[in-house]
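Okay, structure first, notes after.
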Amino acid sequence: MNVENIYATFPELFLASCALMLLLFGVKRGNDATLFTGLIAVVVCLAAGVLLIKLPSFVEPGQAQLGVSALCHGCKAFGGMFINDAFAQFVKVLLLLASAIAIMLSWGYMERHGLERPEYPALILFATLGMMLMVSANDLLALYMGLELQSLALYVLASFRRDHVRSSEAGLKYFVLGSLSSGMLLYGISLLYGYTGSTGFEALAHVLAGEPPIGVVLGLVFVCAAMAFKVSAVPFHMWTPDVYEGAPTPVTAFFAAGPKLAALALFVRVLLQPLAGLEHQWVQVVVFMAVASMLLGSFAGLAQSNIKRLMAYSSIANVGYALVGMAVANEAGVQALLVYLSIYLVNTLGVFGVILCLRREGVMAEKIADLAGLSKSHPLLAVAMGIFMFSLAGVPPLAGFFGKYFVFLAAVQAGMLPLAIIGVLTSCVAAYYYLRIIKVMYFDDATEAAVDPVPEFSLRIVTGGAALLMLLFVFMPTPVIDSALAAAHSLMPQG
Amino acid sequence: MSSSFPLLSVVTFLPLVGVLILLFLRGGDEAAWARRIALTTSLVTFVVSLGILCVFDPAVAGFQLMERFAWIPSFHIEYIKGVDGISVWFVLLATFLTPICILSGSVVTKRVKEFMIAFLVLETMMVGMFTALDMVLFYLFFEGVLIPMFLIVGVWGGAGRIYAAYKFFLYTFLGSVLMLVAIFAMVIHAGTTDMTAMMGGVFPDKMAMWLWLAFFASFAVKMPMWPFHTWLPYAHVEAPTAGSVILAGVLLKMGGYGMIRIAIQMLPDASAFFAPMVFALSVIAIIYTSLVALAQTDMKRLIAYSSVAHMGYVTLGIFSGNTQGMEGAVLVMISHGFVASALFLCIGVVYDRMHSREIARYGGMATNMPHYALVFMVFMLASVGLPGTSGFVGEFLSMQGVFLVSSWTAFLAATGVVLGAAYMLWLYRRIFYGPLDKDDVRAMPDLNAREYAMFVPLILMVLWLGIHPATFRDVFASSVHKITSDYQAQTTRGGEAP
């Protein structure tokens, strides 16, 4: 039993112990060691990712000898509170990648703003750990613990630039609203527990198979509301633009990628596993949130002049598209959602990589107008940004098109034609603001260069790599699509 | 003709090789080298694309030179390419016009390398679209055109380029996403993305109606048909000369090609049902936009409106559903590809010298630019549809096709020919005759060698198509015959069933 637990959670245990050691090391060495701790943290993330992928295969030969049968994919640990199925693995690999990239994005920024603290990479690791636990949660209490571990780290990260008003405001806002949502989640969990007498996902699914009592529906609504807050779906999106704008840009990049993905994955699991019996109830909620998010994200983005705020609205719209995949509530829908999120994750990290390059006299330039003339002064950076924007707009042959293609295909397949039509129409609206960035970069004449002469090496790696992935996805789409299929398959009840 | 050599893919992706070379181009003489590399690449592509014509067997009606491999197997999306007699000509039109565009792009001095990259990428997208036989692949190239074209209009365009670029992009994007939803429905119903498997009325009637409308929305915008044409004058006027040429020459044909391939071949019953509406819109387009063209003071805008009118003959011919009409439509498209491109190049010639497109700024140029006047006259007459030029054959056939279906429509469409003659001849009179009283106009030199190099091939093609259309017709005749006989078989069956 114990051995099983350790094997199943080995990547998480590895990450946790590394994060703790890193924290100790950082405290001992002080701020000088920030770059080093950052480097270590990146390596730790990547190593955890490798462990995640490789572990089942190198344990398997010894399987019979150890006398444990559940070391492969889909094994559960800690009395069924933790599950490490293909779905969790897929999401966790992406999360670790996002965290590694987020740390890489922060190096130059932190140095310039006097924020070189070794806590930063450690906090990201803790947040990542929380996210991994969320994704692997198979019990409402495990879910809550993972979520809180993640959230607490994120609150601190949002206000990491503590001498800066906007950053403190962002942290406080995120904390207050986040605690509210945690409260709602707990209340929902208590209702579910009260009516079913269980917090385990299998037990819940079993009990909730029939016609639900009203209290369970109420609990479901509370849980959905709390989740919607975490994924920033309309109508619980209000914090997003302010937090995106106020938080230090590398932290915003992290917010836009990791926590969003983890929360969406958690949302999917909760709805499709324990609450699968309540599908008729929650589908309406998810459809509403999807439509509202697509509409609001697309239209409100039109009026933005700050690029971080724009990306906040863009993320709201993109959550709407992802929720379309969730509303479909079948294997195809989950697969589409995972493909969509993988592409969006890389895309958005790339965009923030470009934003981090924008700087006028050492101060971050955050206005869209600051991109003017980028195509002249930094042609490669402009090309990368152009690729990201066309990809976000969903223009083929870039990767973003495929994300949308599979999501809307799944929606049409499930008979949700109106949802697909609203989706494609709002993506036309959103295309306008993505095009505006290209217009500013390519069509407008530069007033003055707002970009530092040579972006850091890490930024170049991230933006260049992300742009190439978006551009070349069309040639090699199958690995992502097939592993997303396996992940989606593992989530579905096996009939 | 089952050659294992992937000729179509080679033609499609050959321009990207040029792009790769251009990407690594550095140094002081970058612009000159970029022009050379781009021109060479596009010429090589053209020569290779002639190989398609050589190995293509005109006697076979179906798709040839097929290439097929699994692309996204879990979604049954395949990479399928193939050409029939119709698409062969569009591929060649694209590969023929791209070098001419690149030649005319020599006047571009701003970001030459990027300009050349944009055109080569555009060529890949165009050729890819005309050879795609998989729905997703088709959509990919159909939409992919937007990226280079948006940049071409927006970066190298005139004063109002930003508005024009946005309007072009968003208008066509909106039309296309509706098509995307229709593609979902078709793919789910057919269980495959293979376009050949969807042909011949496999969709139930009611669904086919909606599908038809969604595709029509996209193609009518692309084509463009009245009343979806409003983006075209802006895009044409603001685009650089090369952009207008490729827009008029090839991009507009994507709409017509799509209508043949998807509306007629896949949704025959719905096409027959909506044909009267298409006739009405086409006739309005022909008459209304011809009248609008009469009122223009800007040369490019005038030609843009005349394009809308000419596309009216294309839709008339396609939806007449008979062989004459369809052949006429294809010939009008090919001819318009040469003539409209040439007219935009002609305007480019004087625009490069005077930086004005105002008709009133010119006059009397027949005196000081006789060669230019002659070249312009050839294309002007071809646009009017003078027998012996390319314009005549197609318009005649498509009107004949329509006459067999609806004599009134043909009668009304014929008035467009008169109006067309009126606005073109009047344009010619205002530019080339009258007193040569403007000093800057008088100072303009006649055509130079580069401009001859652009015009001579086009003149040859215009005359060839006018004098011996059989060269072109023979290649697509059996394909067109198959399409129309399938169409008529389908629609009459559909008429008898209830």
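Between A:Cys75 and A:Asn84, the built amide H atoms are under 5 Å apart, and every one of these is 5 or more places off in sequence or on another chain. The distance separating the Cα centre of the stretch B:127-148 from that of the stretch B:54-85 comes to 14 Å.
From its DSSP helices (H runs of at least four residues, each -39,500 (n - 2.57)), chain A gives a residue-normalised ellipticity at 222 nm of -25000 deg cm²/dmol. With respect to chain A, whose longest principal axis is taken over its alpha-carbon atoms, helix A:279-301 is tilted by about 0°. Measuring nothing but protein heavy atoms, the accessible surface of the stretch A:278-495 at 1.4 Å probe radius is 68 percent carbon and sulfur. Hey, what D do you get for the stretch B:267-498 in µm²/s if you plug the Kirkwood alpha-carbon radius into Stokes-Einstein at 37 °C and 0.692 mPa s? Reported coefficient: 177 µm²/s. How many percent of Cα pairs in the protein assembly as shown exceed 60 Å? For the protein assembly as shown, the share of Cα pairs beyond 60 Å comes to 15 percent. Restricting the calculation to Cα atoms, every distinct pair contributes to the Kirkwood radius of the stretch A:278-495, found to be 17.8 Å. A 1.4 Å probe, protein heavy atoms only, puts the accessible area of B:His336 near 10 Å². Remark: C-alpha extents of chain A on the principal axes read 65, 57, 44 Å, sorted largest to smallest. The residues of chain A have, on average, 34 Å² of accessible surface per residue, using a 1.4 Å probe with all protein chains present. Interface burial in the stretch A:456-480 reaches 40 Å² or more for A:Thr478, comparing the full protein assembly with the chain by itself; accessible area from heavy atoms with a 1.4 Å probe.
Label sites at A:Met21 and A:Leu141, each approximated as a point 7 angstrom past Cα along Cα to Cβ, lie 3.1 nm apart.
In this rough spin-label picture, where each label sits 7 Å from Cα along the Cβ direction, the B:Phe24-B:His189 distance is 4.9 nm.
Once divided by 2.2 N^0.38 Å, the Cα radius of gyration of the stretch B:271-372 becomes 1.31. Working from label points 7 Å from Cα in the Cα-to-Cβ sense, the B:Tyr163 to B:Trp464 distance is 4.1 nm. Convex hull volume per residue, computed on the Cα atoms of the stretch B:354-488, equals 134 Å³. The mean count of C-beta atoms from other chains within 10 Å of the C-beta of residues in B:171-183, rounded to a whole number, is 5. The C-alpha atoms of chain A define a longest principal axis, and helix A:417-438 lies at about 30 degrees to it. So how far, in whole Å, is the C-alpha centre of the stretch B:13-48 from the one of the stretch A:403-425? That distance is 40 Å. Taking a sphere under 15 Å around the Cβ of B:Leu22 and counting the other residues whose Cβ falls inside, with K and R at +1 and D and E at -1, yields a net charge of +1. In order along the stretch A:118-134, phi translates into HN-Hα couplings of x, 5, 4, x, 5, 5, 5, 5, 5, 4, 5, 4, x, 5, 5, 5, 4 Hz, rounded to whole numbers, per the Karplus curve 6.51 cos²θ - 1.76 cosθ + 1.60 with θ = phi - 60° and x for Gly and Pro. In summary, the helical segments of chain B meeting the span-like criteria, namely a full DSSP H run, a Cα extent along the axis of 27 angstrom or more and a mean Kyte-Doolittle hydropathy of at least 0.5, are B:30-55, B:85-104, B:112-131, B:161-190, B:268-294, B:299-320, B:323-354, B:407-432. Pairs of alpha carbons in the stretch B:31-105 separated by more than 18 Å make up 54% of all such pairs.
Descending by average beta-carbon neighbour count within 10 Å, the peptides B:459-472, B:31-44 line up as B:31-44, B:459-472, the highest first. Note on the stretch A:1-58: Rg/Rh from Cα positions, Kirkwood definition for Rh, rounded to two decimals, is 1.09.
Using R0 = 22 Å, the C-beta based FRET efficiency linking B:Ala414 and B:Ala295 works out to 0.55. Computed on the Cα atoms alone, the convex hull of chain B gives a volume of 130 cubic angstrom per residue.
Residue-wise HN-Hα couplings along the stretch A:455-460, as the Karplus relation 6.51 cos²θ - 1.76 cosθ + 1.60 with θ = phi - 60° gives them from phi, are x, 4, 4, 5, 5, 5 Hz; Gly and Pro carry x.
Which whole number gives the average count of other chain Cβ atoms within 10 Å of the Cβ atoms across peptide B:62-72?
On the way: counts 0, 0, 0, 0, 0, 0, 0, 0, 1, 4, 8.
That works out to 1 on average.
Note that the stretch A:151-158 has calculated 3J(HN,Hα) couplings of 5, 4, 5, 5, 4, 5, 4, 4 Hz, one per residue in order, obtained from phi through the Karplus relation 6.51 cos²θ - 1.76 cosθ + 1.60 (θ = phi - 60°); glycine and proline are x. Each helix, a run of at least 4 DSSP H residues, gives -39500 (n - 2.57); summed and divided by the residues of chain B, these come to -25000 deg cm²/dmol at 222 nm. Convex hull volume of the C-alpha atoms in the stretch B:159-260, normalised per residue: 98 Å³. Could you tell me how many degrees, from 0 to 90 and to the nearest 10, lie between the Cα long axis of helix A:10-29 and the main elongation axis, the longest principal axis, of the Cα atoms of chain A? Value to nearest ten degrees: 50.
Distances between placed amide hydrogens fall under 5 Å for A:Val395 paired with A:Phe401, all partners being 5 or more residues away or on another chain. Taking 0.36 nm per residue of separation and subtracting the Cα-Cα distance, full extension of the segment from B:Asp446 to B:Cys54 would add 137.4 nm. When A and B come together, around 3500 square angstrom of accessible surface is lost from both chains combined, probe 1.4 Å. The largest accessible area among B:Val330, B:Val10 belongs to the first residue in B:Val10, B:Val330, and the rest follow in falling order (1.4 Å probe, all chains).
For the peptides A:200-209, A:16-25, residues were scored by their other Cβ atoms within 10 Å and the scores averaged per peptide; the highest-first order is A:200-209, A:16-25. Its Cα centre serving as origin, the protein assembly as shown has a Cβ charge dipole (Lys and Arg +1, Asp and Glu -1) of approximately 1420 debye. Spatially, the stretch B:249-281 and the stretch A:184-247 are offset by 50 Å when compared through their Cα centroids. Peptide B:138-150 shows a mean partner chain C-beta count of 4 within 10 Å per residue C-beta.
With the Cα gyration tensor of the stretch B:100-190 giving a ≥ b ≥ c as the square roots of its eigenvalues, does the rule (a/c under 1.5 for rounded; else a/b larger than b/c for prolate; else oblate) give rounded, prolate or oblate?
Oblate, because a/c is 1.5 or more while a/b does not exceed b/c.
Leaving ligands, DNA and RNA out of it, report the carbon-plus-sulfur percent of the accessible area of the stretch B:394-498 at a 1.4 Å probe. That share works out to 69 percent. Ranked by the mean number of other Cβ atoms within 10 Å per residue, highest first, peptides B:362-370, B:165-173 order as B:165-173, B:362-370. One chain, two ends: A:Arg360 and A:Asp32. Fully extended at 0.36 nm per residue, the span grows by 115.5 nm beyond their Cα-Cα distance. The convex hull around the C-alpha trace of the stretch B:325-433, projected and averaged over every direction, spans 6.9 square nanometres. The slack in the chain from B:Ser407 to B:Met277, taken as 0.36 nm per residue of separation less the alpha-carbon distance, amounts to 45.3 nm.
The values are calculated or read from the model by the stated rules, or taken from the named source; none is laboratory data. As the structure is a computational prediction, the values presented were derived from the model and not from experiment. Every residue, glycine as well, gets a Cβ built from its backbone with ideal geometry; the counts of neighbours run over all protein chains shown. All accessible areas refer to the heavy atoms of the entire protein, side chains included, with ligands and DNA or RNA removed. Shrake-Rupley method; radii C 1.70, N 1.55, O 1.52, S 1.80 Å.
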